[in-house]
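Q: For reference, the structure I am asking about is given below.
The values are calculated or read from the model by the stated rules, or taken from the named source; none is laboratory data. Owing to the predicted nature of the structure, the values given are computational and were not obtained by experimental measurement. Neighbour counts run over all protein chains shown; Cβ positions are idealised from the backbone, glycine included.
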Amino acid sequence: ESGITKPKGYNVSFHCNPEMEKHHFGMTHPMKPWRLTLSKSLIYSYGMSFAMDNYISRAATYEELATFHSTDYLDFLGTVLPEPVPRDLENQNPDLKFNLGGSDCPLFDGLYDYCSMSAGGALDAARKLVSHQSDIAIAWGGGLHHAHKAEASGFCYINDIVVAILELLRYHPRVLYIDIDVHHGDGVEEAFFSTDRVMTVSFHKYDPNNFFPGTGALDDNGPKSEQNPGSHHALNVPLNDGITDEQYAMLFDTIIGQIVEKFRPTAIALQCGADSLAGDRLGRFNLQVQGHGACVAFCKRMNLPLLLFGGGGYTPRNVARAWAYETALAVGVDDKINDYIPSHTPWRDQFRHDTLFPTLEQILGEPRVNRNTQKRLQEMIQHVTEQLRFVQA
Ligand code: TV1
Ligand code: CA
Ligand code: ZN
């Protein structure tokens, strides 16, 4: 009858900033920061705040952002103003500075604040892990994996993941970065191309001509050179449209299991982009909330400090379902979550049945034809196994 209580001897921290959620990329832009508000409402409605340490994160400082980003770029990001007259969306300005101001990465009011708050949440989460105050730290407002050192890309301006992993590396010898967003985690991969202390692995839709960002082929494993300690530490799992929960879980468990055995990470950073769910406005996969969450459950079972980031996710009701379910997995109440909904919750019965696990026809949109063959999946496992022969913890 009582709500969810804090598990003993095991801590989850939840980092968010309501100010971040108020920012707008523009009316038709797919990235909607209010999906964070929607996710948090669902999480709180289930009473999960009582099982976690909840923090309003601060904004990252200029110096913290400069651990990865160039000062030229940060200075420009801090001073550019939104265009007074909105440009035609298709009319891309041909000479964008730092790729800022186009349709993917528009300039909007409070842009610098939005970026520094996203990174602040990720950094706070990383610090809870390194100080052993949390076992799992959650920053759904982070996960902006495309940002480069001196360039915005794909809705991402500041790479909060890189900044947070740099913080983990001050105390951890080896960090495993996993990316289940439907897009390739190119910015994070590139940032750690030349180190053997971070292994990056991204699962994504791959079609070099028709799907952003077009990188992340199976044999893209970083700059190949004898002198580069980072070679073989960038892994990619390029997928086709329509992959199912079963196929994804088989790949994820096999590949991540092998990596953990060989690379022996001391911490895991998992980007949980929810655009890999079925029915996503930009995605192409058939993952259900259960299949997406199974990745979080697998990482949790590794029993290592775990940082969970958000990322993409463009059908807000599904983003909220996935991140609420994954918060429940982190806390350890997923198997009985409906029992915990506080009795005063309005519409309690509606949620109990199908909020987190809607039936197939309500869900997540038209399923796509599955274009992933078992043969191709086996080839990918084979390739990863070969790369791992070069990896020694
Ligand atoms: C404004 C309004 C911007 C409507 C952008 C979809 C829009 C997209 C819009 C869009 C859109 C992309 C490209 C093409 C590169 C461009 C958070 C040559 C309906 C992590 C970023 C995807 C994904 C960028 C981010 C991509 C993340 N797709 N409508 N833009 N140019 N950009 O293809 O990984 O989820 O689509
Ligand atoms: Ca990915
Ligand atoms: Zn994405």
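Q: Limited to segment 175-209, what total is found for residues that are more than 11 Å from VAL237 (Cβ to Cβ), within 15 Å of ligand 3 (Cβ to nearest atom), over 12 Å from the mean Cα position of the chain (by Cα) and part of a loop (DSSP other than H, G, I, E, B)?
A: Number of matching residues: 1.
Q: Here is a further query. So, in segment 111-169, exactly how many residues are within 16 Å of ligand 1 (Cβ to nearest atom), in contact with a helix residue (DSSP H, G or I) (Cβ under 8 Å, 6 or more places away or on another chain) and of a type outside the set (Val, Ile, Thr)?
A: First pass over segment 111-169, keeping only residues within 16 Å of ligand 1 (Cβ to nearest atom): 111, 114-115, 117-119, 121-122, 139-148, 151-164.
Those still in the list that are in contact with a helix residue (DSSP H, G or I) (Cβ under 8 Å, 6 or more places away or on another chain) too: 111, 114-115, 117-119, 121-122, 139-148, 151-153, 156-164.
Checking which are of a type outside the set (Val, Ile, Thr) leaves us with 111, 114-115, 117-119, 121-122, 139-148, 151-153, 156-157, 159-160, 164.
The number of residues fulfilling the criteria is 26.
Quick grid of which residues meet (1) part of a loop (DSSP other than H, G, I, E, B); (2) more than 16 Å from ligand 1 (Cβ to nearest atom); (3) touching a residue at least 60 places away in the same chain (Cβ under 8 Å):
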{"residue": "ARG281", "(1), (2), (3)": "yes, no, yes"}
{"residue": "GLY312", "(1), (2), (3)": "yes, no, yes"}
{"residue": "THR327", "(1), (2), (3)": "no, yes, yes"}
{"residue": "THR345", "(1), (2), (3)": "yes, yes, yes"}
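Q: Looking only at segment 296-307, decide whether some residue is without any contact (Cβ under 8 Å) to a residue 24 or more places away in the chain and of a type in the set (Lys, Arg). Break it down into steps so the answer makes sense when it comes.
A: Going through segment 296-307, the residues without any contact (Cβ under 8 Å) to a residue 24 or more places away in the chain turn out to be 301, 303.
From the residues that got through so far, the ones that are of a type in the set (Lys, Arg) too are 301.
Yes - at least one qualifying residue is present in segment 296-307.
Q: Checking the condition in contact (Cβ under 8 Å) with a residue 60 or more places away in the chain and farther than 26 Å from ARG127 by Cα, which residue from LEU166, LEU176, LEU218 passes?
A: Working: LEU166 fails: farther than 26 Å from ARG127 by Cα; LEU176 fails: farther than 26 Å from ARG127 by Cα.
That would be LEU218, the only listed residue that is in contact (Cβ under 8 Å) with a residue 60 or more places away in the chain and farther than 26 Å from ARG127 by Cα.
Q: Tally the residues that are within 16 Å of ligand 1 (Cβ to nearest atom) and touching a strand residue (DSSP E or B) at 6+ places or on another chain (Cβ under 6 Å), restricting the search to segment 293-310.
A: 2
Q: Still on this model: For segment 263-276, check the following and say yes or no: at least one residue is within 16 Å of ligand 3 (Cβ to nearest atom) and assigned to a loop (DSSP other than H, G, I, E, B).
A: Yes, some residue in segment 263-276 is within 16 Å of ligand 3 (Cβ to nearest atom) and assigned to a loop (DSSP other than H, G, I, E, B).
Q: All but one of (1) hydrophobic (A, V, I, L, M, F, W, C); (2) closer than 12 Å to ALA152 by Cβ; (3) modelled with pLDDT of 95 or more hold for ILE138; state the number of the condition that does not hold.
A: With (1) hydrophobic (A, V, I, L, M, F, W, C); (2) closer than 12 Å to ALA152 by Cβ; (3) modelled with pLDDT of 95 or more applied to ILE138, the lone miss is (2).
Q: Inside segment 132-161, can you point out the residues that are surrounded by fewer than 24 Cβ atoms within 10 Å (Cβ to Cβ) and within 23 Å of TYR62 (Cβ to Cβ)? Walk me through it before giving the result.
A: The first filter runs over segment 132-161 and keeps only residues surrounded by fewer than 24 Cβ atoms within 10 Å (Cβ to Cβ), leaving 132-133, 135, 148-151, 153-155.
Once the filter is applied, which keeps residues that are surrounded by fewer than 24 Cβ atoms within 10 Å (Cβ to Cβ) and within 23 Å of TYR62 (Cβ to Cβ), segment 132-161 yields HIS148, LYS149, ALA150, GLU151, SER153, PHE155.
Q: Take the residues in segment 170-182 that are aliphatic (A, V, I, L, M) and within 16 Å of ligand 1 (Cβ to nearest atom), then tell me which one is surrounded by the fewest Cβ atoms within 10 Å (Cβ to Cβ). Before the answer, list the steps.
A: Of the residues in segment 170-182, the ones aliphatic (A, V, I, L, M) are 175-176, 178, 180, 182.
Retained after the next criterion (residues that are within 16 Å of ligand 1 (Cβ to nearest atom)): 178, 180, 182.
Values: ILE178: 24, ILE180: 28, VAL182: 27.
Only one residue tops the list, namely ILE178.
Condition check ((1) of a type outside the set (Gly, Ala, Ser); (2) touching a helix residue (DSSP H, G or I) at 6+ places or on another chain (Cβ under 6 Å); (3) at pLDDT 70 or above) across all residues:
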position	(1), (2), (3)
LEU307	yes, yes, yes
ALA320	no, yes, yes
ALA324	no, yes, yes
LEU329	yes, yes, yes
TYR340	yes, no, yes
ARG352	yes, yes, no
THR355	yes, no, no
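Q: For segment 283-301, name all the residues that are among the aliphatic types (A, V, I, L, M) and either within 18 Å of ARG197 (Cα to Cα) or not in a helix (DSSP H, G or I) (or both).
A: Here is the first cut: in segment 283-301, the ones among the aliphatic types (A, V, I, L, M) are 287, 289, 294, 296-297.
Hit for segment 283-301 is LEU287, nothing else.
Q: Restricting the search to segment 256-308, which residues are away from ligand 2 (no atom under 16 Å from the Cβ) and charged (D, E, K, R)?
A: GLU261, LYS262, ARG264, ARG281, LYS300, ARG301
Q: Any residue at all in segment 130-146 that's farther than 29 Å from LEU77 by Cα, outside any loop (DSSP other than H, G, I, E, B) and touching a residue at least 12 places away in the same chain (Cβ under 8 Å)? Spell out how you get there, then give the answer.
A: Applying the first criterion (farther than 29 Å from LEU77 by Cα) to segment 130-146 yields 130-136.
Next, from what is left, pick out any that are outside any loop (DSSP other than H, G, I, E, B): 130, 136.
Filter once more, so that each one left must be touching a residue at least 12 places away in the same chain (Cβ under 8 Å): 130, 136.
Looking for residues that are farther than 29 Å from LEU77 by Cα, outside any loop (DSSP other than H, G, I, E, B) and touching a residue at least 12 places away in the same chain (Cβ under 8 Å), one finds at least one in segment 130-146, hence yes.
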